[in-house]
Amino acid sequence: MSETARLIFDDKEFEIPIIVGSEEERGLDISKLRSATGLVTLDEGFVNTASTSSSITYLEGQQGVLRYRGYPIEQLANDADFVEVTYLLMFGELPTNAELREAQAEIRRGRNIPQGVADLIASFPSHAHPMAMVAAAVVALSDYYTDTLDPFAADDITRASQRLLSQLSTIAAYAYRRSMGKAFIPPTDNLDYCHNFLHMLFGEAGETEFDVDPVLSEALDMLLIVHADHEQNCSTSTVRVVGSSDANIYASIAGGICALWGPLHGGANEAVVNMLEQIQGDNNDVDKYVDMAKDKSNHFRLMGFGHRVYKSYDPRARIVKAACDRVLDKLDIDDPLLEIAKKLEKVATTDEYFLARNLYPNVDFFSGVLYRAIGIPSNMFTVMFALGRLPGWLSHWIEMRNSPNKRIARPRQIYTGATTRKFVPLDDR
Ligand code: CMC
């Protein structure tokens, strides 16, 4: 017999079913609560609320576990490539050789973006943030691919997802080139995902050869993998919420990109490097910034620290930190920001304030140091996060569309404003 919880309210007893996940996670199913009791639940920031059930990604915060479709992130980051992981997230299984080749070819085929979207990016002022350009360009795709907008048509969804997977890297690279005041470098058919992306970022117009140090393209590929999904985070939830209104997939993904931009979410990677540079310019005074983060009268936080779900070391941060050491060592790069980051990590992971609150480095803490080694400037870091997260967003959007329980996301509230009052005409106020 399935388990239930009992709620006693107004002298009546109500049975609340318990839902059990495949990893034995348990949750109260309150879908009938309001109709049965007249009560709603209040959970600011959704700290205790599961917004959906999902079979894509498993995250356990006490031990620091992250698995995509059952596969540990450590194995995927080490042994798979980004297109393989994209396939896994989208279709639920690792691809065979033939399936992977076809997925790679599909991504290569559709990389050119519509001229109007390139013109839109070019029309932004050169000081524009690349995230603004990327969000605008993604929603603009909906007007160029009007034959892929029906959220009820499986074929439209497949083609729209493929277009996004092919074109987001071109859009991202063009946004970077615009912000640098440089001409766009179109995609190259015969290059793999990361090599092509780095060529579009750093190549010269008209060149036919572009050499990339494999150490850097492998590091980039790994960064995309560790960002590829993270269950119901702020941007993924946004993608689902926008899509729940039957908005098209491009609009939904653009919503996710905007949510990611915030410094508490994906924007933290840019904020971390800004913070490390600030510390560097302040005589490397790490203690001063740790004290500021602990001071409740100061809104400053140690960026790249803490997580809603992880109450231990973020497994992605562990992977990225090890890669930083490896890559910087191989390329003989001495980045003083990595040293400051490690000092900060040491202080914060031994300090009572951080220990008591379980605040450990998260994925954004070390990623910026690696992006810098690749040559990617800090205003592009959150765009890189978006590029990695795209397969996760798409997989969640599709899972939401296919769910028999899909309804428009429309939370309730507890109203705390004025009760009814009589309108006072302007002259009498
Ligand atoms: N520095 C100093 N204090 C912190 C920090 C921090 N980075 N993060 C949390 N705290 C404190 C917070 O002040 C609170 O203290 P108290 O209990 O005394 O009031 C306690 O820790 C709990 O924090 P919270 O804000 O209630 O936790 P949350 O789950 O709502 O927020 C977070 C999670 C990630 C937004 C937050 O830890 C934070 O702002 N971190 C810095 C930004 C950051 O690195 N974001 C990237 C997250 S990982 C990538 C992603 O998935 O987007």
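The values are calculated or read from the model by the stated rules, or taken from the named source; none is laboratory data. All values derive from a computational prediction rather than experimental measurement. Note that each Cβ is placed from the backbone with ideal geometry, even for glycine, and that neighbours are counted across all protein chains shown. In case anyone asks, the SASA skips ligands and DNA or RNA and just uses the protein heavy atoms, side chains included. Shrake-Rupley method; radii C 1.70, N 1.55, O 1.52, S 1.80 Å.
Against the test of being within 21 Å of ASN248 (Cα to Cα) and among the acidic types (Asp, Glu), the options ASP150, ASP119 yield a single qualifying residue, ASP150. Entry remark, region 392-412: residues being part of a helix (DSSP H, G or I) and either on the phi > 0 side of the Ramachandran plot or polar (S, T, N, Q) (or both) number 2 in total. Looking only at region 297-322, filter to residues that are aromatic (Phe, Trp, Tyr) and touching a residue at least 12 places away in the same chain (Cβ under 8 Å); which one of those is farthest from the ligand (Cβ to nearest atom)? So, considering only residues that are aromatic (Phe, Trp, Tyr) and touching a residue at least 12 places away in the same chain (Cβ under 8 Å), the one farthest from the ligand (Cβ to nearest atom) is TYR313.
The listed residues are ASP150, ASP119, ASP156, and the only one of them that is in contact with a helix residue (DSSP H, G or I) (Cβ under 9 Å, 6 or more places away or on another chain) and in a helix (DSSP H, G or I) turns out to be ASP156. Taken as a whole, the condition of being touching a residue at least 24 places away in the same chain (Cβ under 8 Å), farther than 26 Å from ASN269 by Cβ and of a type in the set (D, E, K, R) does not apply to ARG159. A search for C-beta distances below 7 Å between a residue of region 376-397 that is open to solvent by less than 10 Å² (accessible area, probe 1.4 Å) and any residue that is part of a helix (DSSP H, G or I) and among the charged types (D, E, K, R), counting only pairs 6+ apart in sequence or on different chains, returns PHE381/GLU270; THR382/GLU270; HIS396/ARG240; TRP397/ARG240.
To keep it simple, each residue is scored yes or no on (1) outside any loop (DSSP other than H, G, I, E, B); (2) hydrophobic (A, V, I, L, M, F, W, C); (3) modelled with pLDDT under 95; (4) surrounded by 16 or more Cβ atoms within 10 Å (Cβ to Cβ).
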residue: ARG6; (1), (2), (3), (4): yes, no, no, no
residue: ILE16; (1), (2), (3), (4): yes, yes, no, yes
residue: GLY45; (1), (2), (3), (4): yes, no, no, no
residue: SER53; (1), (2), (3), (4): no, no, no, no
residue: ARG67; (1), (2), (3), (4): yes, no, no, yes
residue: VAL83; (1), (2), (3), (4): yes, yes, no, yes
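Taking (1) more than 8 Å from the ligand (Cβ to nearest atom); (2) outside any helix (DSSP H, G or I) in turn, GLY266 satisfies each apart from (1). What are the pairs, 6+ residues apart or on separate chains, where a residue within region 338-359 that is at negative phi and open to solvent by less than 70 Å² (accessible area, probe 1.4 Å) has its Cβ under 8 Å from a residue that is basic (Lys, Arg) and within 8 Å of the ligand (Cβ to nearest atom)? Cβ pairs passing all conditions: ASP351/LYS294; TYR353/LYS294.
Exactly one residue out of VAL309, VAL290 is open to solvent by 10 Å² or more (accessible area, probe 1.4 Å) and aliphatic (A, V, I, L, M), and it is VAL309. In this structure, GLU102 does not qualify as assigned to a loop (DSSP other than H, G, I, E, B) and either under 30 Å from THR188 (Cα atoms) or touching a helix residue (DSSP H, G or I) at 6+ places or on another chain (Cβ under 6 Å) (or both). Please go through (1) under 25 Å from the mean Cα position of the chain (by Cα); (2) among the hydrophobic types (A, V, I, L, M, F, W, C); (3) more than 9 Å from the ligand (Cβ to nearest atom) for VAL286 and return the number of the only condition it doesn't satisfy. Going through the list (1) under 25 Å from the mean Cα position of the chain (by Cα); (2) among the hydrophobic types (A, V, I, L, M, F, W, C); (3) more than 9 Å from the ligand (Cβ to nearest atom), VAL286 breaks only (1). Among the helices (runs of 4 or more DSSP H) confined to region 162-259, the ones with at least 3 residues that are crowded, with 22+ Cβ neighbours inside 10 Å and away from the ligand (no atom under 16 Å from the Cβ) are located at 193-202, 214-226. Among the residues of region 98-119, not a single one is of a type in the set (Gly, Ala, Ser) and within 21 Å of VAL20 (Cβ to Cβ). Taking the criterion of being over 13 Å from TYR174 (Cβ atoms) and not charged (D, E, K, R), the residues of region 104-125 that qualify are GLN104, ALA105, ILE107, GLY110, PRO125.
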